[in-house]
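Below you'll find the structure, written out as C-alpha cells, and then a few comments.
The values are calculated or read from the model by the stated rules, or taken from the named source; none is laboratory data. A quick note: this is a predicted structure, and the numbers were derived from the prediction, not measured. When we count neighbours, we look across all protein chains shown, and the Cβ atoms used for this are built from the backbone with ideal geometry, even at glycine.
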C-alpha cells in the first residue's frame, strides 16, 4: 500500500462538531417557529399549517413584525374591535423588509387593522413612513384614532407638500383631528393660497391656555381676542401672571380682567424678560396671603414701556432686589422720585426706600439722594422683612471710603448730564 507523504496536500473532510451544532440549531429554530406559529394561530385565527408555509425561511425581522401584529390583533379584538385576520396577512405579504418605522407605526396605530393596512399600502417609501410616524407621535399622539386623517393626508393630491411642511400644518391637524372633512378643508386652503400657519398656531396655543381652569374661568369670553393678538411672548406672560398671582379657583373681576387684557396686548419680545423678572420679584406675596390689584401691575408695565428712565430703574431694582411692600407702593415711589438722579444714585435710593416710609421717604427721595450715608429718623416698626441687616451692622472704614468715592464720582457724572 502506498502512502502519500506529500506535506503540501491537505485532507478536506467534514467538521463533525460544526455539523452537529448546525443541525442542533436548525432543529431548535424549527421547534421555535412551530411554537411561535401555534401562538400566532391562536391569536389571529389562521391555521398553523398556513403560517408555517408563509414563514418558511423567513427573515427574523419580518417574522418578529408578524408576531407584533398578531399580539396587537389579539389585544384589539379583545376590546371588541372587529377585525379580519386577512389584514394581518396582507400587511405581512406587503412588507418584506420591515424597518423601525414600520414597527413604530404599528405600535402607535389606534385604528383597525384594515386602516393600518391602508396606511402601509400608501406609505411605501421611507419618507412617507417617517411622515406617518411623526404625525402619530408628535402631532396626534393624544387623538383617539389618527388613522383616518393620516389616510386622507396620504391620499391627498397635496401629499408631498404636507410631507415637506408637517410643522406648518401641525396646529391645524391638532385642532381638526376629529373633523370628518379635515383634510378636504386643508386642501382647499392650500389650493386657494389661504392657509395661514400663524393663525392655526395661535388658535391651538390659546386652546391649550384655556385648559387651565383659572384662565378659562376668567377669560373664556376673550378667546377670539387672545387668538387674534397671540404671540409666544404673550402666551408665556398669560401663563406666568395666572400662575403667580391668581389662585386656581378665582375668577377675575372686570377691572382685573381689563388689566390682564391690556398687559397681554402690550407684551412683546422687548419687555418680556423684564416683566417676567418683576412678576418673579413679587409673586411670593401670594403665598403670604396678599393679592394685588392687577391694575397696579398694568400701570407699572405701562410706565416701564413709556419711560426709559423707569425701565432703567426697574432693571436695577430687580437686579439688586429692591424690597418694597407691593406694586402699588412701587408705583408711588416712581411718581415721587427724580428718576435720572435715582438711576445714578441707585444705591442711595435703595437705602432710603428700604429704611423709610410715608412722608419721610418722600422728602428723603427728593433731598437725600446724593447722601451715601443717609440714616432714617426712626426705625420702621414691624417691617423687619424690609430692613437690610447690613445697615444695622458696623461698617468698616474701607467700605465707607469706597462708598464715598463712588458717590463723588456719581456727583460728577450727574453734574455733567444735568
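Here's the yes/no breakdown for (1) at pLDDT below 95; (2) in a helix (DSSP H, G or I); (3) exposed (fewer than 15 other Cβ atoms within 10 Å of the Cβ); (4) in contact with a helix residue (DSSP H, G or I) (Cβ under 9 Å, 6 or more places away or on another chain):
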| residue | (1), (2), (3), (4) |
| --- | --- |
| 321 | yes, no, yes, yes |
| 324 | yes, no, no, yes |
| 371 | yes, no, yes, yes |
| 376 | yes, no, no, yes |
| 381 | yes, no, yes, no |
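Can you run down the residue pairs with Cβ atoms below 6 Å, 6 or more apart or on separate chains, where the first is in segment 42-55 and closer than 13 Å to residue 93 by Cβ and the partner is assigned to a helix (DSSP H, G or I)?
Sorted first by the residue in segment 42-55, then by its partner, the pairs are 51/37; 51/40; 51/41; 55/63.
Considering (1) surrounded by 18 or more Cβ atoms within 10 Å (Cβ to Cβ); (2) under 26 Å from the mean Cα position of the chain (by Cα), say which one residue 166 fails and leave the rest.
In the conditions (1) surrounded by 18 or more Cβ atoms within 10 Å (Cβ to Cβ); (2) under 26 Å from the mean Cα position of the chain (by Cα), residue 166 misses (1) alone.
Using the structure shown, decide if residue 7 is part of a loop (DSSP other than H, G, I, E, B) and modelled with pLDDT of 95 or more.
In short, no.
Out of 222, 232, 269, 185, which single residue is in the same structural domain as residue 159 (by TED's automatic domain parsing) and either at pLDDT 95 or above or under 30 Å from residue 164 (Cα atoms) (or both)?
When all the criteria are applied, what remains is 185.
Suppose we filter segment 69-95 for residues that are closer than 20 Å to residue 129 by Cα and loosely packed, with under 15 Cβ neighbours inside 10 Å; how many remain?
2
What are the pairs, 6+ residues apart or on separate chains, where a residue within segment 242-258 that is under 13 Å from residue 292 (Cα atoms) has its Cβ under 6 Å from a residue that is in a loop (DSSP other than H, G, I, E, B)?
Pairs found: 244/283.
Just checking, does segment 292-300 include any residue being surrounded by 15 or more Cβ atoms within 10 Å (Cβ to Cβ), in contact with a helix residue (DSSP H, G or I) (Cβ under 8 Å, 6 or more places away or on another chain) and over 27 Å from residue 220 (Cα atoms)?
No.
Out of 123, 70, 78, 84, I need the residue that is at pLDDT below 95 and in contact with a helix residue (DSSP H, G or I) (Cβ under 8 Å, 6 or more places away or on another chain). Which one?
84 is the lone residue from the list that is at pLDDT below 95 and in contact with a helix residue (DSSP H, G or I) (Cβ under 8 Å, 6 or more places away or on another chain).
Against the condition in contact with a helix residue (DSSP H, G or I) (Cβ under 7 Å, 6 or more places away or on another chain), in the same structural domain as residue 135 (by TED's automatic domain parsing), farther than 30 Å from residue 221 by Cα and surrounded by 20 or more Cβ atoms within 10 Å (Cβ to Cβ), how does residue 149 come out, does it pass?
Spelling it out, residue 149 is indeed in contact with a helix residue (DSSP H, G or I) (Cβ under 7 Å, 6 or more places away or on another chain), in the same structural domain as residue 135 (by TED's automatic domain parsing), farther than 30 Å from residue 221 by Cα and surrounded by 20 or more Cβ atoms within 10 Å (Cβ to Cβ).
Between 134, 155, 142, which is loosely packed, with under 14 Cβ neighbours inside 10 Å and within 29 Å of the chain's Cα centre (by Cα)?
Unique residue meeting the criteria: 142.
From 276, 320, 249, which residue is within 27 Å of the chain's Cα centre (by Cα) and farther than 25 Å from residue 231 by Cα?
Going through 276, 320, 249 in turn, the sole match is 249.
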